[in-house]
Amino acid sequence: MIMDKLQIESTTLWDFPRQNYGDKPHGNNKYNGVTPAFVIWNLLQRYTKEGDLVVDPMCGSGTTIDVAKELNRKVIGYDLNIVRPDIIKNDSRKIPLKDNFVDFVFIDSPYSDNIKYSEDEKCIGKISCEKTEFYDELEKTASEIARILKPGKVMGWVIADQWIKKKFTAVGFLMWQRLEKYFEPMDIICLTRHNQTSNTGVWHNRARQYNFYLRGFKYLFIMKKPIKQ
Ligand SMILES: C[S@@+](CC[C@H](N)C(=O)[O-])C[C@H]1O[C@@H](n2cnc3c(N)ncnc32)[C@H](O)[C@@H]1O
């Protein structure tokens, strides 16, 4: 794909069949829970300009770093699980940056304890989304994001619901309630899910037979730090 021909999304339904776009890697599509690079590309096109500082407090395989650099944005990527040298080891609940310093934050957080990211005990992905503690810990990250963002600037947060062992948890709605304490709502995007391990004939048949639904989408919350607090 030629970069000039890429167009930003115009609706609230984004469906990217592949993790990557273009001919260079953005992040690592083998990383568990990797973000589709075009999600970040769309957000940076809309809410940032060249030279802006972009931060990802849970940057995993570094998708945000690669997309931001390609678009000539400055970028800092943190994670507990360090898979490449340009990622800084840090717990998202305390971000080592000044207040009102950052132009845009992207975060694709754990959705529950369904994926093992690392051995690090501080990993929020070790806490089940059925526990209040999960939202309490993610809320600490949200409050840090609100602190480091410049007033009026935007953040994008990806999260998804859970259906496991016959129990549904509305993770997205529960997290949205926490985020509303710090940010003004701008929009909610529905991201079509692809390539998850349950996307097999066996699972689709089970879903029909036992009357449940496989997860078909994730949320992308777009919110803004209020100008006056
Ligand atoms: C869904 S993955 C992010 C994927 C990333 N956007 C990418 O494209 O590769 C969630 C990440 O959160 C990280 N994480 C979990 N708890 C954390 C914490 N307390 N501080 C920093 N990172 C954390 C995990 O190590 C994991 O890499």
- prompt: Which FRET efficiency, nearest 0.05, do THR192 and ASN100 yield, Cβ-Cβ r, R0 22 Å?
  reply: 0.05
task: Normalising by the residue count of the chain, find the relative contact order in percent from Cα pairs under 8 Å and 6+ residues apart.
output: 18
- line: Expected sort for 10-20, 27-37, 99-109 on mean C-beta neighbours within 10 Å, highest first, is 99-109, 27-37, 10-20
- line: Along the dipole axis of segment 3-224 (charges at Cβ: +1 for Lys and Arg, -1 for Asp and Glu; origin at the Cα centre), the most positive-end residue among GLN177, ASN29, GLN162 is GLN162
query: D for segment 113-187, whole µm²/s, Stokes-Einstein with Kirkwood Rh over alpha-carbon pairs at 37 °C and 0.692 mPa s: what number?
result: 241
message: To the nearest 20 Debye, how big is the dipole of the chain about its Cα centre, given +1 on the beta carbon of each Lys and Arg and -1 on that of each Asp and Glu?
response: 320
- request: Please give the peptides 169-176, 57-64, 183-190 ranked by average Cβ packing (other Cβ atoms within 10 Å per residue), highest first, as a rough proxy for protection.
  value: 57-64, 169-176, 183-190
Net dipole in debye of segment 115-171 [+1 Lys, Arg Cβ; -1 Asp, Glu Cβ; about Cα centre; nearest 20]: 200
Cubic angstrom per residue, convex hull over Cα atoms of the chain: 129
task: Please name which of GLY62, LEU44, PHE212 has its Cα lying farthest along the dipole of segment 3-224 towards the positive end, using unit charges on Cβ (Lys, Arg +1; Asp, Glu -1) and the Cα centre as origin.
output: PHE212
message: Would you report the distance distribution of C-alpha pairs in segment 72-119 as whole percents per 5 angstrom bin, up to the bin with the largest distance?
response: 4, 14, 25, 28, 16, 8, 4
- prompt: Roughly how many Å is it from the Cα centre of segment 175-199 to that of segment 16-81, as a whole number?
  reply: 17
query: What value, in deg cm²/dmol to 500, does the helix sum -39500 (n - 2.57) over DSSP H runs of n ≥ 4 give at 222 nm once divided by the residues of the chain?
result: -7000 deg cm²/dmol
- request: Calculate how many DSSP beta bridges within the chain are antiparallel, expressed in % of all such bridges and rounded to the nearest 5.
  value: 50
task: Can you tell me the dipole magnitude for segment 25-94 around its Cα centre, using point charges on the Cβ only (Lys, Arg +1; Asp, Glu -1), in Debye to the nearest 20?
output: 100
field: Amide H partners (placed H, <5 Å) of VAL75, local residues excluded
entry: VAL54
query: Are any of the pairs LYS165/LYS225; LYS74/LYS225; LYS89/LYS150; LYS5/LYS49 more than 29 Å apart by Cα-Cα distance, and if so, which?
result: LYS165/LYS225
field: Segments 200-207, 118-125, 220-227 sorted - mean Cβ within 10 Å per residue, highest first
entry: 220-227, 118-125, 200-207
message: Using a Cα-Cα cut-off of under 17 Å, which aspartates and glutamates could be cross-linked to LYS153, ignoring same-chain neighbours fewer than 8 residues away?
response: GLU50, ASP52, ASP56, ASP99, ASP103, GLU144, GLU180, GLU184, ASP187
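Read-outs: derived from the displayed coordinates by stated rules, not from any lab. Keep in mind the model is a prediction, meaning the values are calculated, not measured. Virtual Cβ from ideal backbone geometry, glycine too; neighbours counted across all protein chains shown.
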